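What follows draws every value from the coordinates through simple rules; no lab data is involved. What you are looking at is a predicted structure, and each value in this text was computed from that prediction instead of being measured. A quick note on method: Cβ atoms are made from the backbone with ideal geometry, for glycine too, and the neighbour counts reach across all protein chains shown.
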Amino acid sequence: MTEPVNVTVTGAAGQIGYALLFRIAAGEMLGADVPVRLRLLEIPAAVKAAEGTAMELDDCAFGTLAGVDIFDDPVKAFEGANVALLVGARPRGAGMERADLLEANGGIFGPQGRAINDGAAPDVKVLVVGNPANTNALIASAHAPDVPPERFTAMTRLDHNRALSQVAARTGTPVSRISGLTIWGNHSATQYPDLFQATVGDIPGADVAADREWLTETFIPTVAKRGAAIIEARGASSAASAANAAIEHVRDWTRGTREGDWTSAGVYSHGEYGVPEGLVSSFPVTSAGGDWQIVEGLEIDPFSRERIDASVAELSAERDAVRALGLI
Ligand code: NAX
């Protein structure tokens, strides 16, 4: 049997963790023939709940699951990690200012970045799901000077999938026939879902986007505010769809994106499309050989430019705030 891949999942006892772990263990993320060893990280108060989840994982008797270990210490949890899914984060509490939120998350993602730096496998790939995801990825990466910053990514795949589904519903086109859609910027309400480069069935996405009222009044806000709509309907935030997006992000990263298409991910900017170097911003990306590549050379129309710039400005402001707090 090949050596198991070590997958560390933080926030393992949370609702996304519960929707995620069984699919990873079943081989849906890394492949049906790839054995996985799960390393779960939780805060001490939630370790018992993680143990319950581990019992259920045992009870599935997955052929691809080589073992489950549970930790409350990031140093141990990230030892030998090949893939790290950083799901656990500090949610915004009542009366919490943005600086408080960034500081609380700095206290989580700084030490986790350091632990990844010191103990993870040389090929470690990191996906940050916990919000504010882009800036948390930036903080973790800043504490991992020996890991290439390209290995720290933030999840915008759920936004990408939400946009695909909205376009499919609007046009009656199966999702499988929609390509070239992009989420730009921050995983926040300022994100910009870009249809202009897309192909929808046999028609250019720009034709679908030509209905500016639908684009600006329905499509863009529906995608950006979908998380709030789910909370309103379900009484809890997105969990299974977020877990699915995390699985797809890592699956595509490790096994490659679909031929002739790209996806969206928050990745390290080297200055592409005018996004300041060093920000973790969502871009159109492909993956081959285990590395993300930003799709370059797309023509950005003024409508899109304005929206990309607004979301990137928010990311720059978050970076300035965490810098001022001494978190990076
Ligand atoms: P839950 O509150 O259900 O679970 C979070 C878990 O993380 C808890 O079990 C908690 O004990 C644990 N945790 C907290 N601090 C930790 C630490 N320092 N180390 C290890 N574990 C820790 O939240 P859930 O619904 O699972 O959401 C998790 C995160 O995903 C949240 O930050 C949420 O905002 C974010 N999301 C991000 C999305 C994205 O597209 N990037 C979409 C879904 C989701 O909203």
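At-a-glance table
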quantity	calculated
Intensity falloff of the stretch 181-255 expressed as log10 I(q)/I(0), Debye formula with alpha-carbon point scatterers, at q = 0.15, 0.16, 0.25 Å⁻¹	-0.67, -0.76, -1.17
Beta bridges by DSSP in the chain, antiparallel share as percent, to the nearest 5	45
Per principal axis, descending, Cα span of the chain in whole Å	52, 45, 40
Between 0 and 90°, nearest 10: helix 133-142 axis offset from the chain longest Cα axis	60
Reference-scaled alpha-carbon Rg (2.2 N^0.38 Å with N residues) for the stretch 112-196	1.34
Extreme residue, positive dipole direction of the stretch 19-169, given options Ala142, Ala81, Leu30 (C-beta unit charges)	Ala142
Under 5 Å, built H, 5+ apart or other chain: amide partners of Leu279	Ser269
Qualifying lysines (Cα of each under 21 Å from Cα of Lys125; at least 8 residues distant if same chain)	Lys76
Per-residue Cβ neighbour rank within 10 angstrom, fewest leading, Val312, Val129, Val267, Val47	Val47, Val312, Val267, Val129
Principal-axis tilt of helix 240-255 within the chain, Cα atoms, nearest 10 degrees	90
Globularity index of the stretch 180-328, i.e. its alpha-carbon radius of gyration over 2.2 N^0.38 Å	1.09
Computed FRET value (nearest 0.05) for Phe22 with Ala313, which takes r as the C-beta separation and R₀ as 45 Å	0.70
Label-point separation in nm, Asp58 to Ser237, each point 7 Å along Cα→Cβ	3.1
Radius of gyration and Dmax over the Cα atoms of the stretch 231-305, both given in Å	14.8, 42
Tensor-based shape of the stretch 207-250 (alpha-carbon gyration tensor, a/c under 1.5 rounded, otherwise prolate or oblate)	oblate
Amide proton proximity set for Asn186, modelled H, under 5 Å, gap of 5+	Gln191, Tyr192, Ser282
Within the stretch 1-154: Cβ-based charge dipole about Cα centre, in debye rounded to nearest 20 (Lys, Arg +1; Asp, Glu -1)	360
Cα-projected label distance for Ala104 with Ile43, points at 7 Å along beta-carbon direction, nm	0.8
Inverse mean reciprocal Cα-Cα distance (Kirkwood Rh) of the stretch 43-182, Å	17.3
For Met55, Met29, Met96, order by how many other beta-carbon atoms lie within 10 Å, fewest first	Met55, Met96, Met29
Helix 47-60 vs. the chain, principal-axis angle (Cα, 0 to 90°, nearest 10)	80
Packing-based exposure ordering (other Cβ within 10 Å, fewest first) of Lys125, Lys225	Lys225, Lys125
Net length gained if the chain between Val175 and Asp207 were fully extended (0.36 nm per residue, minus Cα distance)	9.8 nm
